[in-house]
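For reference, the structure discussed in these notes is given below.
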Ligand code: NIG
Ligand code: FE
């Protein structure tokens, strides 16, 4: 993990949504009830918050005073992206509009195509492609971001992508983590079980020994890996001391959400086809249901059972799934807007699902995700007298200022 260092300052604002005060991950009624300060203030030193409370109690002199039309919230934590990648696949988007399916395109396009593009690019080309994207994420409010492998498709290729992810994390102003998506697509010319064995016996231990991974992920799908492979990857992750994450029930139902929850995975992601058993398992465990509404929107996919998940008590997160195939969307405000309009999430639920809960999923909740004394001064000044303006105005950039560790590093 790579973390920024910080600065000193203070602000007062008509509305500060701190998001603190509830056990994490937030679930049920607590999801949509973040702590709110009217006429609130923040102060920070060395990049960490030293005061969060009423403006009347702020000791600091000459704080920044924000207008009535500005809301302060914790920085967005994007816990599911497929950076680093190299190149776009807009032609596949167009082909899908013309009637071809994602599964069909997987043969000559899809993940294997992104793997080829990555393999053919130099490290410097990949970083030069990705860094402006990460900076653009900062401008639209992402102050912590998860990167993934999964376009390496060989032991060496995956390790290279993980090293590139670590380097990208060092260059980015955000806090960055890396997930080893060891089983994403089957490399050409190798039997599936043999690849899973290689991933479990060589790749995961090697990545862990080199400190390249903060979690391990697997794509469970009919075009990718199955529940038996999930068991193997879960065991290898446990042996390496790394949290498990699962791409679950995205294109079709496989029972992966249920099994991910039973295995104590940190997240089960996508969940478009999660069934009642999956919902029940997620509600009774500690696995975050990490929803990716931008990919659902762009794929014209089935909407996950969002209200069932919330009502049953499952903890919820939202992320972009930023990748060149299913979700070329890097903006958390856009993902939140789609999550509200398409999934029926309420604005404050979406805010906690984009800050406190994903910080918990990445194991960063001791320092990120809410505005509380001792945590890093990562916050956003948003246009609008309430957070609901973010989902209400999709396409409008609401982020006036992005602060990381108390320093203004982005915005418009
Ligand atoms: O999360 N589902 C698998 N992986 C990605 C898509 C990757 C790609 O198409 O390049 C996803 O949607
Ligand atoms: Fe994904």
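Please give the helix 332-343 orientation as an angle from the longest Cα principal axis of the chain, in degrees from 0 to 90, rounded to the nearest 10.
Rounded to the nearest ten degrees, it is 70.
At a 10 angstrom cut-off on C-beta neighbours, averaged per residue, how do the peptides 185-196, 148-159 rank from highest to lowest?
The peptides rank, most packed first, as 148-159, 185-196.
Gaussian network model of the chain, Cα springs within a sub-10 Å range: biggest mean-square fluctuation belongs to which of 335, 224, 13?
In the Gaussian network model the winner is 224.
What's the Cα-based Rg to Rh of the range 13-86, Rh via Kirkwood?
Across the range 13-86, the Cα-based Rg/Rh ratio is 1.06.
What does DSSP give for the chain in terms of the percent of beta bridges that are antiparallel, rounded to the nearest 5?
50 percent
What 222 nm value per residue comes from the helices of the chain, counting each DSSP H run with n ≥ 4 as -39,500 (n - 2.57) and dividing by all residues, nearest 500 deg cm²/dmol?
For the chain, the value works out to -10000 deg cm²/dmol.
Restricting everything to alpha-carbon atoms, can you work out Rg to Rh for the range 176-228 with a Kirkwood hydrodynamic radius?
Rg/Rh: 0.98.
With springs connecting C-alpha atoms under 10 Å apart, model the chain as a Gaussian network and identify which of 318, 336, 17 has the largest mean-square fluctuation.
Result for the chain, Cα springs under 10 Å: 17 fluctuates most.
Assuming 0.890 mPa s and 25 °C, estimate D for the range 70-143 with Stokes-Einstein, Rh taken as the Kirkwood radius over Cα pairs, in µm²/s.
169 µm²/s
Over the Cα atoms of the chain, what is the Rg over Rh ratio if Rh follows Kirkwood?
Looking at the chain, the ratio lands at 0.96.
How many nm separate the modelled label positions at residue 36 and residue 190, each set 7 Å beyond the Cα in the direction of the Cβ?
5.2 nm
Relative to the compact globular guide of 2.2 N^0.38 Å, what is the alpha carbon radius of gyration of the range 267-412, as a ratio?
1.04
Using just the Cα positions, wrap the range 34-76 in a convex hull and report its mean projected area in square nanometres, one decimal place.
3.8 nm²
In nm, to one decimal, how far is the modelled label at residue 48 from the one at residue 100, with both set 7 Å along Cα→Cβ?
5.3 nm
Quick one: check the C-alpha center-to-center distance for the range 311-326 versus the range 391-412, whole angstrom.
First find each Cα centre; the distance between them is then 21 Å.
Using label points projected 7 Å from each Cα along Cα→Cβ, tell me how many nm separate residue 90 and residue 197, to one decimal.
4.5 nm
Quick one: go through the range 372-412 and flag any residue whose amide nitrogen is under 19 Å from the point 7 Å out along the Cα-to-Cβ line of residue 62.
406-408
Over the C-alpha atoms of the range 118-272, what are the Rg and the largest Cα-to-Cα span, Dmax, in Å?
So, for the range 118-272, Rg and Dmax equal 15.3, 43 Å respectively.
At 1.567 mPa s and 4 °C, plugging the Kirkwood radius over alpha-carbon pairs of the range 222-296 into Stokes-Einstein gives what diffusion coefficient in µm²/s?
Estimated diffusion coefficient is 107 µm²/s.
Test of understanding: what is the full-extension gain from residue 154 to residue 307, defined as 0.36 nm times their sequence separation minus their Cα-Cα distance?
51.2 nm
Taking 0.36 nm per residue of separation and subtracting the Cα-Cα distance, what length does fully extending residue 385 through residue 341 add?
So the chain would gain 13.8 nm between residue 385 and residue 341.
Values in this text are rule-based calculations from the coordinates and carry no lab data. What you see is a predicted model, and the numbers here were worked out from it, not measured in a lab. A quick note on method: Cβ atoms are made from the backbone with ideal geometry, for glycine too, and the neighbour counts reach across all protein chains shown.
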